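Written out below as structure tokens is the structure these notes cover.
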Amino acid sequence: MLSESARVTTAAEARFRINEPNSKPRRVKVIALDRASERVVKHLAQLAWSNASFFTASAFAGEPPGHGFSMPGWLSDLAGRTKDLLDEVNSADLVVMVATAGENAQAAALIGEACSLKRVNTTGLMLGGASATDAMLSKTLYQLRPWSLMLVIASGEDYIEDMLIALRA
Amino acid sequence: MLRKEQNDLLTQTGPGTPGGRLFRSYWLPALLSEELPENDSPPVRVKLLSERLLAFRDSDGRLGLIDEFCAHRGVSLWFGRNEEKGLRCPYHGWKYDVTGQCIDVPSEPEESGYCRKIKLKSYPMIERGGVLWAYMGPKEQVPPLPEWEFATVPDRQRFVSKRLQECNWLQAMEGGIDSSHVSFLHRGDINSDPLFKGAKGNQYNLADARPVFEVVESAGGLYIGARRNAENDQYYWRITQYVLPSFTMIAPRGGHSVHGHFWIPIDDENCWTWSFDYHPVRDLTDAETAAMREGKGIHVKCIPGTFRPVANKDNDYLIDRAAQKTGRSYSGVEGFGMQDASIQESMGPIVDRTKENLVSTDNGIIMARHRLLRSIKALMNKGEVPPGVDPVHQRVRSAAVVLPRDQAYKDAAREALMACPGVAPASV
């Protein structure tokens, strides 16, 4: 006689698995930390997503204080509307920070602190890993690593789309 | 999650499938050398990538991997007589050499040349590192010979085993790069298994149960780094190697040997789990080898004369609920290998990935799938040689290192992640 484990792991038995949705939508907030990443995130935002929304904090990276930078306006959606970080983090299940190797990722600290406060998971995604020098990688890693509970260094921009699909964003 | 068509693409490896074409770009481990121990030893049935084959070593020591069935009436040549430089079907005496060429049809006049018109499908097979490797791809694209470090060290420095795993190759392989399961499924075994215990790194493992992961693309696949806090403002890193299509190498512990796996499809619902241990600079001790034979470390004890684990689905993996309840074993199943296999086989023959709910710590799995899909597409559309074929991609090592907090492990541990003959592995 077959054991329970042998019987229930057949392809025939797989047909009887419950076919109902087993999860609720999770909200993923994707934030570009620099101009190069912002371009990638803007492209991503044009695709159809159920639970993902897209933002940029590139103003923080490119504009030192005194050169057009304003604290209240540092986070915005892709249409340029100012967003409140804590509000956005509050309504997120996961925050993905997208950075480019060699670029300034100092906004990661602010975002990471807010996520830590609200107990929201963070993923840091660094693009350009294949072509970046060690110094470029280290510079961005230094800023991203302390605030990323998962860090991914990808060679291609197409990875983000696959990752978001995999996470049901 | 994956869409159904993506799941099919990755899990189907039979003839004519894109996933099968990917696997047919590589030299694949097919048998242990000891399965064909001497010239004219009995032939062995081999099923790989959904094709039924027969392996034999002829009178001159040449290796053959041919269609299992005689071209005459479809008899299995497993019943054949391996003699005088060929395998003879016992039914009517048709005989084949290692290339599958028929060399004798007794019922036909020799002068007629009838036998020269009969040839079974065959694949090249070579021997290296105690393993017989098969190449099942196009004849004009034979890749360079395999150069995985375990296969290049002297025999006394290596131990290789294989076991049947009764599920699709991908869910088995994904277990090998799913570093976050170690803190649960294998909890408790790190400090008791003779092939792991005693390492300083184990203390870091136990002291910090919430590792942070970094997934980095490499030329041949990816590195999966798990970092834990160490003393003096440093991190303890365990770096796993994944090389396409299905090679993984786990970070070593202390002075123990280095180890890893291949997952090779038998068909779409079964695979071979190959497990290897080796030390780059010393012989394995008798005690280590004995422990590996007993199913310790990443190896599994099999039913004598077979490659089926003693604990298997037919006996509910000999799960010990009392041990599970008291905490002696987190899973209740004994041994790392069967803890993994029991869980992976429970998903069913081919897990339906449209229903899964991945989380951020699954990025190693997501990235591996991403690279596999990208490689299949590039191979099918442009004929691009996939990652992992180049021997440079194969000359890799896993590593366990302690590094300053601001360093990228990919760079700081660059040399530790490459195979270097005569150099000890980076291990803590």
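The values are calculated or read from the model by the stated rules, or taken from the named source; none is laboratory data. The structure presented is a predicted model; accordingly, all values stated were derived computationally and were not measured. Methodologically, a virtual Cβ is constructed for each residue, glycine included, from the backbone with ideal geometry; neighbour enumeration extends over all protein chains shown. When the accessible area is computed, the model is the full protein with side chains, heavy atoms only, and any ligands, DNA or RNA have been set aside. Shrake-Rupley method; radii C 1.70, N 1.55, O 1.52, S 1.80 Å.
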*asked:* Suppose the filter is over 29 Å from the mean Cα position of the chain (by Cα) and not polar (S, T, N, Q); does B:Arg62 pass it?
replied: no
_Top-ranked residue of the stretch B:169-192 - restricted to ones that are in contact with a helix residue (DSSP H, G or I) (Cβ under 7 Å, 6 or more places away or on another chain) and part of a loop (DSSP other than H, G, I, E, B), ranked as modelled with the highest pLDDT_ = B:Ile177
*asked:* One residue is enough: does the stretch B:243-252 have a residue meeting the conditions in a loop (DSSP other than H, G, I, E, B), of a type in the set (Gly, Ala, Ser) and surrounded by 22 or more Cβ atoms within 10 Å (Cβ to Cβ)?
replied: yes
*How many residues are open to solvent by less than 20 Å² (accessible area, probe 1.4 Å), within 15 Å of B:Gln12 (Cα to Cα) and of a type in the set (A, V, I, L, M, F, W, C) when one looks only at the stretch B:363-380?*
2
*asked:* So, in the stretch B:48-95, exactly how many residues are farther than 26 Å from B:Gln165 by Cα and among the acidic types (Asp, Glu)?
replied: 4
*asked:* So B:His259 passes all but one of these: (1) buried (at least 21 other Cβ atoms within 10 Å of the Cβ); (2) without any contact (Cβ under 8 Å) to a residue 24 or more places away in the chain. Which condition number does it fail?
replied: (2)
_Qualifying positions in the stretch B:333-391 - touching a helix residue (DSSP H, G or I) at 6+ places or on another chain (Cβ under 9 Å), closer than 23 Å to B:Gly297 by Cα and not in a helix (DSSP H, G or I)_ = B:Val333, B:Glu334, B:Ser346
*Could you tell me whether the stretch B:119-132 includes any residue that is farther than 23 Å from B:Val385 by Cβ, surrounded by fewer than 21 Cβ atoms within 10 Å (Cβ to Cβ) and in contact with a Lys or Arg (Cβ under 7 Å, 6 or more places away or on another chain)?*
yes
*In this structure, does B:Asp390 turn out to be of a type in the set (D, E, K, R), within 12 Å of chain A (Cβ to nearest Cβ) and open to solvent by 20 Å² or more (accessible area, probe 1.4 Å)?*
no
*asked:* Filter the stretch B:137-169 down to the residues that are within 14 Å of chain A (Cβ to nearest Cβ), within 12 Å of the chain's Cα centre (by Cα) and open to solvent by less than 20 Å² (accessible area, probe 1.4 Å) and list them by number.
replied: B:Gln165
*For the stretch B:198-225, name all the residues that are within 24 Å of the chain's Cα centre (by Cα), within 22 Å of B:Ser257 (Cα to Cα) and open to solvent by 10 Å² or more (accessible area, probe 1.4 Å).*
B:Tyr223
*Restricting attention to helices (runs of 4 or more DSSP H) lying wholly within the stretch A:85-157, give those where 1 or more residues are open to solvent by less than 20 Å² (accessible area, probe 1.4 Å), within 12 Å of chain B (Cβ to nearest Cβ) and modelled with pLDDT under 90.*
A:134-144
*Just a yes or no: is a residue in the stretch B:395-402 over 24 Å from the mean Cα position of the chain (by Cα), open to solvent by 10 Å² or more (accessible area, probe 1.4 Å) and farther than 20 Å from B:Gly19 by Cβ?*
yes
